[in-house]
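The block underneath contains the structure these notes are about, expressed in structure tokens.
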Amino acid sequence: MHITLPALSGIVLTYLLVFARVGSMVMLLPAIGEMGVPSRVRLVLALAVSFALAPQVQSSYPAVIPGSTMALVIMVVQEITAGVLVGSMARIIMSALQVAGYLIATQTGLAYAQTLDPTQNTQGAVLGNFMTLLGTTLIFLTNLHHMAIGAIAGSYRMLPPGGHLPTGDMAQLVIQLTSSSFALGFQLAAPFLVFGFALYAGLGVLAKLMPQMQIFFVAVPLNIMCGFLIMLALIGSLMTVFLSYYTTQMAIFL
């Protein structure tokens with residue numbers, strides 16, 4: 001049996017373009033695209049999703065390979081760009097935990113300890129790393145990672161293949177997500193900000209009453225201990241608020 005490429009050009013082209021979009025999204029999607037997830041796992045997942053999704057979206061793609069190589073390259077670049085845009089916006093949602101963790105670490109005196117963030121492969125605050133890993137774990141435990149996979153199929157509704165990318169609308173959505181994620185980070189850290197303000201105000205008064213004592217240095221262990229106690233009491237509520245926000249924002253892409 002002889003199989004020629006022109007006979008399979010439509011199928012090959014469809015899978016190529018679908019994989020270009022899906023692969024770029026899987027690389028960035030929350031929980032699935034974390035640095036802790038092995039690259040082979042992400043590659044296999046991208047291939048599996050591409051094979052499952054291609055028959056449903058095959059009508060959106062041309063049936064034959066374009067006549068010029070440049071036209072094919074442009075189509076692939078458009079698909080990669082669409083995948084990166086949606087994946088990046090989903091990644092912005094997770095940044096709320098990093099913002100909250102850094103603010104909490106700053107108020108509790110733990111920002112001095114910078115450790116390796118395995119999710120980003122960069123240096124970050126201890127609590128920011130902890131909250132990001134906890135949020136990722138809870139996303140898997142509550143099956144919210146299915147929404148990330150559903151966002152891949154939803155991207156074909158937001159960004160149809162072959163059309164012009166709505167850069168204006170996408171920029172507006174990125175700005176909204178960035179502002180809302182930053183605001184959520186402040187909301188999650190609000191109890192610690194109030195605690196920090198009250199504590200440092202009291203320490204400032206004591207420093208005026210006892211100028212010979214390094215009161216801020218002496219109070220560091222108390223600050224850390226109180227921060228851990230507040231974290232222990234509120235961590236469940238904080239992560240519940242984040243999961244609700246994650247569900248609401250990811251529903252945009254479905």
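Numerical summary
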quantity: Count - residues of segment 69-99 that are at pLDDT below 80 and not hydrophobic (A, V, I, L, M, F, W, C); calculated: 1
quantity: Counted residues, segment 74-91 - those being touching a Ser or Thr at 6+ places or on another chain (Cβ under 7 Å) and of a type outside the set (G, A, S); calculated: 3
quantity: Enumeration of residues in segment 165-189 that are surrounded by 15 or more Cβ atoms within 10 Å (Cβ to Cβ) and of a type in the set (A, V, I, L, M); calculated: M170, L173, L177, L184, L188, A189
quantity: Failed item in (1) within 32 Å of the chain's Cα centre (by Cα); (2) modelled with pLDDT under 85; (3) surrounded by 13 or more Cβ atoms within 10 Å (Cβ to Cβ), with P66 passing the rest; calculated: (1)
quantity: Selection from segment 100-123 of residues that are touching a Phe, Trp or Tyr at 6+ places or on another chain (Cβ under 6 Å) and either at pLDDT 85 or above or not in a helix (DSSP H, G or I) (or both); calculated: I104
quantity: All helices (runs of 4 or more DSSP H) inside segment 153-254 with 2 or more residues being closer than 30 Å to Q78 by Cβ and not β-branched (V, I, T); calculated: 167-209, 220-250
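The values are calculated or read from the model by the stated rules, or taken from the named source; none is laboratory data. All values derive from a computational prediction rather than experimental measurement. Reconstructed Cβ throughout: ideal geometry from the backbone, glycine too, with neighbour counts over all protein chains shown.
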